[in-house]
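The values are calculated or read from the model by the stated rules, or taken from the named source; none is laboratory data. Keep in mind that what you see is a predicted model, and the values were worked out from it rather than measured. Cβ placement follows ideal geometry from the backbone for every residue including glycine, while neighbour counts extend to all protein chains displayed.
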Number of protein chains: 2
Amino acid sequence: MAATRQVNIAIIGAGGVGKCFLAQLEQLAARRPTPKIVLCYIASSKKAVYNADYAPIALSSAIATLSASSQAPLGLPSLADYLVSSNAHKAVLIDNTSSQDIADAYPSFLRRGISIVTPSKKAFSGSYQLWQDIFSASAESGASMYHESSVGAGLPIISTLRDLVDTGDEVTKIEGVFSGTMSFLFNSFAPTSGTGGGKWSAEVAKAKALGYTEPDPRDDLNGMDVARKLTILARIVGLEVESPASFPVQSLIPAELESAASGDEFLARLPEFDAQMEATKAEAEKEGKVIRYVGSIDVATKEIKVGLQKFDRASPIAGLKGSDNIFSFYTKRYGANPLIIQGAGAGGEVTAMGVTSGLIKIISHQS
Amino acid sequence: MAATRQVNIAIIGAGGVGKCFLAQLEQLAARRPTPKIVLCYIASSKKAVYNADYAPIALSSAIATLSASSQAPLGLPSLADYLVSSNAHKAVLIDNTSSQDIADAYPSFLRRGISIVTPSKKAFSGSYQLWQDIFSASAESGASMYHESSVGAGLPIISTLRDLVDTGDEVTKIEGVFSGTMSFLFNSFAPTSGTGGGKWSAEVAKAKALGYTEPDPRDDLNGMDVARKLTILARIVGLEVESPASFPVQSLIPAELESAASGDEFLARLPEFDAQMEATKAEAEKEGKVIRYVGSIDVATKEIKVGLQKFDRASPIAGLKGSDNIFSFYTKRYGANPLIIQGAGAGGEVTAMGVTSGLIKIISHQS
């Protein structure tokens, strides 16, 4: 690729995050004339827009142009060919999907010098082989791989953990509430002050009604979202975690309801199991504590786990608000008090922010 | 400078932070063979080590070599000449001093393509003209300017705030405890639980004995350290703060003791003023609150202030431990609950970490 001061960008995915990202990209391109940011490809699962001569797609109307397009998306190898031939200073793939197929293709893009930014967890929490392939391809070609939003959305979690590791600190333990849904549920079910929340099943129904859960709440309650995030963090600190199935994850789905036909049936039957959760909560209250659904990594023992734990009411984890996430990094340098980062860990705007900040790192690199 | 894959580094300052940084640099150079990291200059205020042919100075023995050296430091223009002529891929100046003279020279280094990393606040909290000169020189030449440790030491404060701004979020308010000394003093003097701390003068004497204050505690109690940090944060969000003297800073030095001849005399007479601080604390307690020494920036009204405020015992600011810092960023995207970062905000190792992470950003850039 010749050194014209232009960055060509291909975006796959035009859903919630994709739309927020496009709006941020438009602002960014307006503020930063150099290098020139050119959108040369945008695709949903069904459609695409691109020009054989790489003529820029207007950012302000990209979504409308995509809706009206009759072009089909390029296959992934063809997309890589298209980007490599674009003669831009740099080419960047923005993957705003959660497609496993695209994640599997990251190494082939990186190997060809195409940098990637994504909020998806798919590439980093699947097989350990894929993780290795991605980062060795990036190291070999010099193409960048940023995935800040894969954990904690726009919160600076991945970058901070990498800085700790890269500057030679010794991370001893990571602990926190890594799911906005679980945060909301337990902050509401077992508040640190006042008379306490409603019945567990009512809290789950409320969270679903407010849009805090997946369409089928079991997709949150199985703990797999938290397990995937922990897998990513553990790998960054050097643990060779084979997959999110390699460590214990406490599911909050009663065994009897695993096979309920739908989310609605699950919710309808959940009250039968309220006594169980109420007992767990009462047991914690007897000790002056509250229950929270947390993930933790003990680096020395390599113990990773996800599930319910009791916390002092005065602890930062217990004191979390709303659907906020919290991440505590215990390290040798930071000593007894961890480095803590907390705030919203989900939502289109903050997730897109983590994508945009990755892109800014790529375009800011001198050359 | 030709594109040999080598980064030449000049370090000024070999005190506490300088020594920690050298140890981290040695580890980094061992882990990252590419680009080759070469220390080509190291200086204290009195001595220097460098070789006309840029032969590398061994990192492991750099401090000893410096102690034994009979070379005098180069003048700043000569140092810039030396670095520019070094024919390395990149040249980086690490300023581990708190010298205003060196800070004043940053624009001339940046303009010549030399990137700079520093933990010093001097260049960024002085005149607004210097701030503008530095960042316009960096923008013009493409040389990088990193100063993460100038606020909150190794905590990711500067990078996070820049990401918020650069991705187009609207920061509405910044609030927090930005001084380890003030944090320790008030966490101890007005704890959130238990029967409360000792007399104010005794707490100050204790903090000094434990090494938490400057040799003369008035250098902490005047609030200027906090004011300098606020100046930096305010400028990043776009406020044209002329200097730390442009906004109100509440000094905790009784007027009568401003002119005490020494820190010891100050401490000896401080008990005469304990009643004043006790009354402030009691007033807060009546409302069920505690007092904390905080800085805040209201971006819309451009109001910046530093001083004592009352906080609910359950708030993250009141709940801080030891000498930890806390930074709350309120933004449009993050909504009612701020993005919070907390942890140790002082100390040689964590301060050096912020320097090393800046250097890593520079050497990681593709080219």
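Data for the structure
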| read-out | value |
| --- | --- |
| Residue that is of a type in the set (Lys, Arg), surrounded by 19 or more Cβ atoms within 10 Å (Cβ to Cβ) and more than 9 Å from every other protein chain (Cβ to nearest Cβ), where the choices are A:ARG292, A:ARG333 | A:ARG292 |
| Lone unmet requirement of (1) surrounded by fewer than 22 Cβ atoms within 10 Å (Cβ to Cβ); (2) within 28 Å of A:LEU155 (Cβ to Cβ) for A:PRO271 | (2) |
| Residue that is modelled with the highest pLDDT, among those in the stretch B:197-208 that are surrounded by 15 or more Cβ atoms within 10 Å (Cβ to Cβ) and not in a helix (DSSP H, G or I) | B:LYS199 |
| Matching entry among A:THR167, A:THR192 (being more than 19 Å from the chain's Cα centre (by Cα) and over 26 Å from A:SER125 (Cα atoms)) | A:THR192 |
| Hits in the stretch B:300-316 - residues which are closer than 28 Å to B:GLY238 by Cβ and either in contact with a His (Cβ under 6 Å, 6 or more places away or on another chain) or at pLDDT 95 or above (or both) | B:ALA300, B:THR301, B:LYS302, B:GLU303, B:ILE304, B:LYS305, B:VAL306, B:GLY307, B:LEU308, B:GLN309, B:PHE311 |
| Selection status of B:LYS229, among the basic types (Lys, Arg) and surrounded by 20 or more Cβ atoms within 10 Å (Cβ to Cβ) | yes |
| Tally of residues being closer than 16 Å to A:ALA80 by Cβ and either within 13 Å of chain B (Cβ to nearest Cβ) or surrounded by 22 or more Cβ atoms within 10 Å (Cβ to Cβ) (or both) across the stretch A:108-123 | 9 |
| Among residues of the stretch B:321-330, those that are surrounded by fewer than 23 Cβ atoms within 10 Å (Cβ to Cβ), among the small types (Gly, Ala, Ser) and more than 8 Å from every other protein chain (Cβ to nearest Cβ), counted | 0 |
| Count of the stretch A:321-359 residues which are within 29 Å of B:GLU349 (Cβ to Cβ), among the hydrophobic types (A, V, I, L, M, F, W, C) and modelled with pLDDT of 95 or more | 6 |
| Residue, surrounded by the most Cβ atoms within 10 Å (Cβ to Cβ), within the stretch B:30-49, restricted to residues that are among the hydroxyl-bearing types (Ser, Thr, Tyr) and under 28 Å from the mean Cα position of the chain (by Cα) | B:TYR41 |
| Matching option when the condition is in contact (Cβ under 8 Å) with a residue 60 or more places away in the chain and hydrophobic (A, V, I, L, M, F, W, C), among B:VAL38, B:VAL49, B:VAL84 | B:VAL84 |
| Verdict on A:ARG313 being of a type in the set (Lys, Arg), touching a helix residue (DSSP H, G or I) at 6+ places or on another chain (Cβ under 6 Å) and within 14 Å of another protein chain (Cβ to nearest Cβ) | no |
| Contacts under 6 angstrom Cβ, first residue in the stretch B:340-362 being more than 7 Å from every other protein chain (Cβ to nearest Cβ), partner crowded, with 24+ Cβ neighbours inside 10 Å and β-branched (Val, Ile, Thr), 6 or more apart | B:GLY348/B:VAL17; B:THR351/B:VAL17; B:ALA352/B:VAL17; B:VAL355/B:VAL117; B:GLY358/B:VAL117; B:LEU359/B:VAL117; B:ILE362/B:VAL92 |
| Residues being under 27 Å from B:PRO338 (Cβ atoms), in contact with a Lys or Arg (Cβ under 7 Å, 6 or more places away or on another chain), outside any strand (DSSP E or B) and within 13 Å of chain B (Cβ to nearest Cβ) - total across the stretch A:132-183 | 1 |
| Pairs with Cβ under 7 Å, 6+ apart, first in the stretch B:244-258 and in contact (Cβ under 8 Å) with a residue 60 or more places away in the chain, second outside any loop (DSSP other than H, G, I, E, B) | B:PRO244/B:MET224; B:PRO244/B:ALA227; B:PRO244/B:ARG228; B:PRO244/B:THR231 |
| Close pairs (8 angstrom Cβ cut-off, 6 or more residues apart or separate chains): farther than 18 Å from A:ILE253 by Cβ in the stretch A:279-306, at pLDDT below 95 and among the hydroxyl-bearing types (Ser, Thr, Tyr) anywhere | A:VAL290/A:THR192 |
| For B:GLY211: the one exception among (1) within 23 Å of B:THR118 (Cβ to Cβ); (2) surrounded by fewer than 19 Cβ atoms within 10 Å (Cβ to Cβ) | (1) |
| Leading residue by the ranking (nearest to the chain's Cα centre (by Cα)) among those in the stretch A:124-162 that are surrounded by fewer than 19 Cβ atoms within 10 Å (Cβ to Cβ) and charged (D, E, K, R) | A:ARG162 |
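Per-residue answers, yes or no, for (1) over 20 Å from B:GLU148 (Cα atoms); (2) aromatic (Phe, Trp, Tyr); (3) outside any helix (DSSP H, G or I):
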site: B:PRO73; (1), (2), (3): yes, no, yes
site: B:PRO77; (1), (2), (3): yes, no, no
site: B:ALA80; (1), (2), (3): yes, no, no
site: B:ILE94; (1), (2), (3): no, no, yes
site: B:SER98; (1), (2), (3): no, no, yes
site: B:LEU110; (1), (2), (3): no, no, no
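For every residue, the table says whether it meets (1) over 20 Å from B:THR356 (Cβ atoms); (2) among the polar types (S, T, N, Q).
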residue: B:GLY18; (1), (2): no, no
residue: B:TYR41; (1), (2): no, no
residue: B:SER61; (1), (2): no, yes
residue: B:SER69; (1), (2): yes, yes
residue: B:ALA72; (1), (2): yes, no
residue: B:PRO77; (1), (2): yes, no
residue: B:ALA88; (1), (2): no, no
residue: B:GLN100; (1), (2): yes, yes
